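The values are calculated or read from the model by the stated rules, or taken from the named source; none is laboratory data. A quick note: this is a predicted structure, and the numbers were derived from the prediction, not measured. Using ideal geometry, Cβ is built from the backbone for each residue, glycine included, and neighbour counts are taken over all protein chains shown. Each accessible area value is taken on the protein alone, full model and side chains, heavy atoms only, with ligands, DNA and RNA left out. Shrake-Rupley method; radii C 1.70, N 1.55, O 1.52, S 1.80 Å.
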Amino acid sequence: MKELKVGIVGAGIWGANHAKVFNTLPQTSLVAVCDISPERANSFKEQSGCAAAYTDFNELIADSEVEAISVATPDFAHAAIILAALKANKHVLCEKPLAMTLEETEEVAKAAELSSGKLMVDFHNRVNPAIVQLRDAVEAGEIGSPVHGYARLSNTTHVPLEMLSWAAKSSALWFLGSHVVDALRFVLNDEVVKVYSVARSGVLKARGVDTQDVHISTLEFSKGTVITLENSWILSTANPIAYDFKIELVGDKGQVNANPSHNGAVTKLTSQGAKFADLLGITPTGPSRIGGFVLEAIAQFVDAVLDEAPLLADAKDGLAVTRVLTAIEQSAAQGTPVTL
């Protein structure tokens, strides 16, 4: 059996998901971890059972044992790691977004073309059963031509105020909007050509996190579909889950709605309040299984490297999403529509 030796950069929540996959799949071996915090890096090393821990990603990339790099660092800290890994001709799996500026993302896309290493963006909603159902319904013509729709991917204040220490260096647009913009591109098989957006700030700033509270955007696609997009970081913590994700599409012959965050199949009522159990994202179906679509997406990176399977999403997909997000920021700042 072919084996892929992997190193993870970023010993946080999402790095742990990567480690779970690489320690479960029989064809992968987790050999190294890197984090700017020596304590986190060493703790991750002990918990995951990998052989080496680094605080400089260049040292991990230079490790001859490492064949592929998983980038699970904060939103703003992706590009430099990807570029160094691709220059070393190593395979790269990166969390979204590829970068938070158009210039850096274009540089990454160019580097991906020149490298013998493969680059995959972890747009895991491409294997989210609910989103795949939307794509299949549109592709099969069940709703006719999509005319308009609504997409919401927002978080409660728990995420920017408690979960992410680096929230001020990102926003709901980058942290969440990157996922839903790609999901819309995937479902509609189309590209955004024009955006108009407004943003509001103040709630998070008053609580010490200097970033936007919400972006409300109108996205026009090349085939004519118009989508209203919401990305907020100020939903109430009384919500039963920290994120709210839904997409609704109206066509000239029907309508299709998906609400994967609130399926409500299992609701837990405890002293912590009402909580929905995660049946789709990471819940494994057995001790030898990876889990739901979130972890399956990471596994598909391994398939692409070892078995020449198609990449779930490539550098061009990452670049297309960054173009949309930067256009949204530009539109919100200047108060006028922006054509891509």
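When the Karplus curve 6.51 cos²θ - 1.76 cosθ + 1.60 is applied with θ = phi - 60°, which whole-Hz ³J(HN,Hα) does each residue of the stretch 153-165 get, with x for Gly and Pro?
Taking θ as phi minus 60°, the curve returns 9, 9, 10, 6, 5, 4, 5, x, 8, 10, 7, 10, 6 Hz for the stretch 153-165.
If amide H atoms are built 1.01 Å from N in the plane of the peptide, which residues on other chains or at least 5 residues away come under 5 Å of the amide H of Asp122?
The list, which skips near neighbours in sequence, is Cys94, Glu95, Lys96.
Would you list which lysines come within 21 Å of Lys316, measuring only between C-alpha atoms, while excluding same-chain residues fewer than 8 positions from it?
Result set, ordered by chain and number: Lys87, Lys90, Lys96, Lys110, Lys118, Lys194, Lys223.
Which ³J(HN,Hα) values, rounded to whole Hz and listed in residue order, are derived for the stretch 29-45 from phi using the Karplus coefficients 6.51, -1.76 and 1.60 in 6.51 cos²θ - 1.76 cosθ + 1.60 with θ = phi - 60°, glycine and proline given as x?
So the Karplus estimates, Gly and Pro as x, are 9, 7, 10, 7, 9, 9, 8, 5, 8, x, 5, 5, 4, 5, 5, 4, 4 Hz.
Would you indicate which of (1) 21, 36, 20, 15, 7, 1; (2) 28, 51, 19, 2; (3) 30, 60, 9 is the value of P(r) over Cα pairs in 20 Å bins from 0, in percent derived from the coordinates of this structure?
Step by step, P(r) over Cα pairs in 20 Å bins from 0, in percent for this structure corresponds to label (3).
For the stretch 32-156, report the accessible area per residue in Å² (1.4 Å probe, heavy atoms, rounded to an integer). Don't skip to the end; give the middle numbers.
Working: 5270 Å² over 125 residues.
I get 42 Å² per residue for the stretch 32-156.
To the nearest 20 Debye, how big is the dipole of the chain about its Cα centre, given +1 on the beta carbon of each Lys and Arg and -1 on that of each Asp and Glu? The partial results should precede the final answer.
Details: 27 positive and 39 negative charges, 138 e Å.
Charge dipole of the chain: 660 debye, to the nearest 20.
Please compute the net charge surrounding Arg323, taking Lys and Arg as +1 and Asp and Glu as -1 over other residues with Cβ under 13 Å from its Cβ. Don't skip to the end; give the middle numbers.
Values: positive: Arg185, Lys194, Lys316; negative: Glu103, Glu104, Glu106, Asp182, Glu191, Asp317, Glu329.
Cβ neighbours under 13 Å give a net charge of -4.
I'd like the distance between the alpha-carbon centres of the stretch 166-210 and the stretch 27-66, rounded to an integer number of Å.
With the stretch 166-210 and the stretch 27-66 each reduced to a Cα centre, they are spaced 31 Å.
As I understand it, the value is the acute angle between the Cα axis of helix 102-114 and the longest principal axis of the Cα atoms of the chain; what does it come to in degrees, rounded to 10?
Tilt of helix 102-114: around 50 degrees.
Only Cα pairs within less than 10 Å get springs; with that Gaussian network setup on the chain, which residue of Asp278, Asp252, Asp317 has the largest fluctuation?
Of the options given, Asp252 has the highest mean-square fluctuation.
Can you give me the long-range amide H partners of Thr28? Hydrogens built in the peptide plane at 1.01 Å from N, cutoff under 5 Å, separation of 5 or more residues or another chain.
The list, which skips near neighbours in sequence, is Leu4.
Search the structure for amide H atoms under 5 Å from the amide H of Ala53, placed 1.01 Å from N in the peptide plane, and list their residues when 5 or more places away or on another chain.
Val33
Gain in length, Phe276 to Lys194, computed as 0.36 nm per residue apart minus the alpha-carbon separation, to one decimal in nm?
Working: separation 82, 0.36 × 82 = 29.52 nm, distance 3.60 nm.
Roughly 25.9 nm would be gained on extension.
Rounded to whole Hz and in sequence order, give me ³J(HN,Hα) for the stretch 218-223 from the Karplus expression 6.51 cos²θ - 1.76 cosθ + 1.60, θ = phi - 60°, writing x for Gly and Pro.
Running phi through 6.51 cos²θ - 1.76 cosθ + 1.60 with θ = phi - 60° gives 10, 10, 9, 9, 5, 8 Hz.
Restricting to the chain, what percent of DSSP beta bridges are antiparallel, rounded to 5? Working shown, then result.
Working: 34 of 60 bridges.
Counting only bridges with both partners in the chain, antiparallel ones make up about 55 percent.
For the chain, what is the calculated [θ] at 222 nm in deg cm²/dmol (nearest 500), taking -39500 (n - 2.57) for each run of four or more DSSP H residues and dividing by its residue count? Please report the intermediate quantities before stating the final value.
Values: 9 runs with 108 residues, N = 340.
Per the formula, -10000 deg cm²/dmol.
Roll a 1.4 Å probe over the protein heavy atoms and report the accessible area of Arg200 in Å², nearest 10.
That residue has around 150 Å² of solvent-accessible surface.
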